[in-house]
Amino acid sequence: MEFFVYHRDRPGSLDLRHQLVEAHWSYMDRYAAKMIARGPTFADGGETLTGSVHILDLPDPAAARAFAFDEPNYQAGAYRDVLLRRWHNLLGRTMWDFPGENGDRFLVLGLGTGPGSDLDVPSGRDDLIAYGPLLSDDGATWLGTAALVQAAGPDAARTVLTPDRYAAIEIHEWEFGGRR
């Protein structure tokens, strides 16, 4: 089962995140073989760290909750909240398989309302790094869509989702993650 996890930083937690960087990396190393995509999100042109995205293949919702809530930054209070949803990898690859060149990258997060939308990979979008629906724990209910996309800017990234089908669409600057 695939899961989307987005830890959002608590304002003022950057120093705590720096103190815990090795604990965070050691924790993530345990899940390296299960990662589909990962990386930090930013605001202010990459100046302000705002969160951390992890998309993983795990056995069940309990394992996903353990991953999300046992994470050292979460345990220490560096994150203000966590979005944890089942996810379906419609591209069938990891971010490391993305054939694109370096460029600006974004997390596009559509928070759903009503019937499912954007349930198939949009055609002609070779800028997609990861793409799939956000689902309830049992996988039966569509709750939104999450995409990692390479784009010329936030407005271009936003076009991956149908605008009037979501209660809200968030755009976050994002970069490939992993131990540096």
* Return one number: the angle in degrees, 0 to 90 and rounded to the nearest 10, between the long axis of the Cα atoms of helix 61-70 and the longest principal axis of the Cα atoms of the chain. => 40
* To do: Could you tell me the largest-minus-smallest coordinate of the C-alpha atoms of the chain on each of the three principal axes, in descending order and whole angstroms?
  => 42, 36, 30
* Asked: Which net charge results when you count Lys and Arg as +1 and Asp and Glu as -1 among the other residues whose beta-carbon is under 15 Å from that of Gly92?
  -> -3
* Structure fact -> HN-Hα couplings for the range 123-132 via Karplus (6.51, -1.76, 1.60; θ = phi - 60°), in whole Hz with x for Gly/Pro, come out as 6, x, 10, 7, 8, 7, 9, 8, 7, x
* **Arg180 versus Asp44: modelled label distance in nm, points set 7 Å from Cα along the beta carbon direction** => 1.6
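Here, each number is a calculation from the coordinates, and none is a lab measurement. Keep in mind that this is a model prediction, so the values were computed, not measured. Here the Cβ is made from the backbone with ideal geometry for all residues, glycine too, and neighbour counts use every protein chain on show.
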